[in-house]
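Bear in mind that the values in this text are calculations on the coordinates, not laboratory data. Quick caveat, the model's predicted, so the values are computed rather than measured. Don't worry about glycine lacking a Cβ; one is built from the backbone with ideal geometry, like all the others, and counts go over all protein chains shown.
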Amino acid sequence: MTQNKNFWAGLALGLIGLAIIFIAIPFGVDEPKKIKFAALSPAYYPQIVAIAMTFLGGVITLRAVMRPIKSNTETERPDAVVRISIVFVILAIYALSITYLGLVLAPVIALFAFMFHAGERRIWVMAFIAIAVPFGLFLFFQKIAGIPIPTGVLAPLLKGV
């Protein structure tokens with residue numbers, strides 16, 4: 001059985017997820033003794049993400065073991081460094097724009113750019129997802145969780161929402 005990059009990537013993802021669950025969250029997240037709703041706990045969402053990482057890492061590892069790739073030429077892409085560099089450029093622009101654009105408009109632009117970079121070309125799909133996800137998260141945190149979200153240049157438009 002040939003071990004491939006997916007095996008090692010899945011194993012690493014799963015181990016990072018487990019490290020977050022058993023080391024980072026217990027030692028790095030301060031939780032109040034009494035919490036009215038579990039979803040408002042500071043460790044709740046990191047645990048969900050870490051569990052998802054562990055599960056996906058396990059799935060990737062198992063898939064790599066069950067269906068090994070015969071040669072490395074199938075998994076290696078010559079443009080991988082360029083594609084990864086573009087992802088980091090998008091992330092850098094996103095991080096720098098959050099202060100001015102806010103946590104609604106900046107993610108809209110970043111999600112649109114990421115989907116385009118990933119190969120999606122249906123404008124209506126990209127627009128729907130890029131607008132619905134950040135706006136839905138804004139509504140959840142603003143209205144349900146009661147956590148104020150910086151809205152940046154959209155503040156006048158989102159004030160009454």
Excluding residues fewer than 8 places away in the same chain, name every one of the lysines whose C-alpha is closer than 28 Å to that of Lys143. Lys33, Lys34, Lys36, Lys159
Leu137-Val65 FRET efficiency (beta carbon distance; Förster radius 30 Å; 0.05 resolution): 0.25
Counting residues in region 43-161 as N, plug N into 2.2 N^0.38 Å and put the Cα Rg over that result. 1.36
FRET efficiency, Arg121 to Ser97 (Cβ-Cβ, R0 30 Å, nearest 0.05): 0.80
Highest to lowest packing among 81-91, 8-18, 40-50, scored as the average C-beta count within 10 Å: 8-18, 40-50, 81-91
Give me the percent relative contact order of the chain, please, defined on Cα pairs under 8 angstrom at least 6 residues apart. 23
Along the Cα-to-Cβ line of Val161, 7 Å from the Cα, sits a label point; which residues in region 114-151 have backbone N less than 13 Å from it? 130-144, 149-151
Protection proxy ranking of 123-131, 110-118 - average other beta-carbon atoms within 10 Å, highest first: 110-118, 123-131
Roughly what angle does helix 80-118 make with the longest principal axis of the chain, taking Cα atoms, 0 to 90 degrees, to the nearest 10? 10
Does anyone have the angle between helix 44-66 and the longest principal axis of the chain? Alpha-carbon axes, 0 to 90°, nearest 10? 20
Mean Cα-pair separation over length for region 77-161, i.e. relative contact order, pairs under 8 Å, 6 or more apart, %: 36
Run lengths n ≥ 4 of DSSP H only: what is the helix-derived mean residue ellipticity at 222 nm for the chain, with -39500 (n - 2.57) per run over all residues, to the nearest 500? -21000 deg cm²/dmol
